[in-house]
Amino acid sequence: MAQERGRLEELYARHAPDAVRLAYLLTGDAPLAQDLVQEAFVRLGGRLVHLRRPEAFGAYLRQTVVNLSRMHFRRRRVERAAMEREAGLARAGSREPDLAGRDVVRQALLRLPERQRAAVVLRFYEDLSDGQAADVLRCRPGTVASLVHRAMQRLRAELGPETGEE
């Protein structure tokens, strides 16, 4: 345990400055860059014993920092889009949100088969493309489209036309 800790400290001292520089160039935000590198080390720290080639740690770290940066911006984009949708709905009408309707849709979504539910959530709630959702589900983009299509048919049949398209 102490040996592993010492190894991680050595790797941090050797690779962290370059990783922070990379993260800063990707994000333009120094505190965020520090956070991304810390997260990358946390994720890779538990895998040290499984590295086939310890000399490749720098490459693993670099890839992890790039992936974490992409995830950060994707999450931010999705959050911003959700906030804009909410703001648009608030401007469109000052009525209270239909919490009962949301619960009905959520319950119907939970009754879908697992793969259909995952496809719908990835496409509409996570705002991923068919290709991105296919990567997550480890299938082809056409399969995602088919899963979403069948799920939407089932939801429309269950919920009725009033919850379909507006």
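The values are calculated or read from the model by the stated rules, or taken from the named source; none is laboratory data. Keep in mind that this is a model prediction, so the values were computed, not measured. Every residue, glycine among them, receives a Cβ derived from its backbone with ideal geometry; neighbour counts consider all protein chains shown.
Residues in the stretch 21-40: is at least one modelled with pLDDT under 85 and outside any helix (DSSP H, G or I)?
To start, the set of residues in the stretch 21-40 that are modelled with pLDDT under 85 comprises none.
No, because not a single residue in the stretch 21-40 is modelled with pLDDT under 85 and outside any helix (DSSP H, G or I).
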Task: Hey, Gln63 at pLDDT 90 or above, in a helix (DSSP H, G or I) and within 30 Å of Val121 (Cα to Cα) or not - done: yes
Open item on the list: Give all pairs with beta carbons closer than 6 Å in which a residue from the stretch 87-112 that is outside the structural domain of Arg156 (by TED's automatic domain parsing) and more than 11 Å from Leu155 (Cα to Cα) meets a residue that is modelled with pLDDT of 80 or more and part of a helix (DSSP H, G or I); count only pairs at least 6 apart in sequence or on separate chains.
Closed with: none
Task: Number of the exception - Gly45 against (1) of a type in the set (Gly, Ala, Ser); (2) more than 30 Å from Ser146 (Cα to Cα); (3) modelled with pLDDT of 85 or more - done: (3)
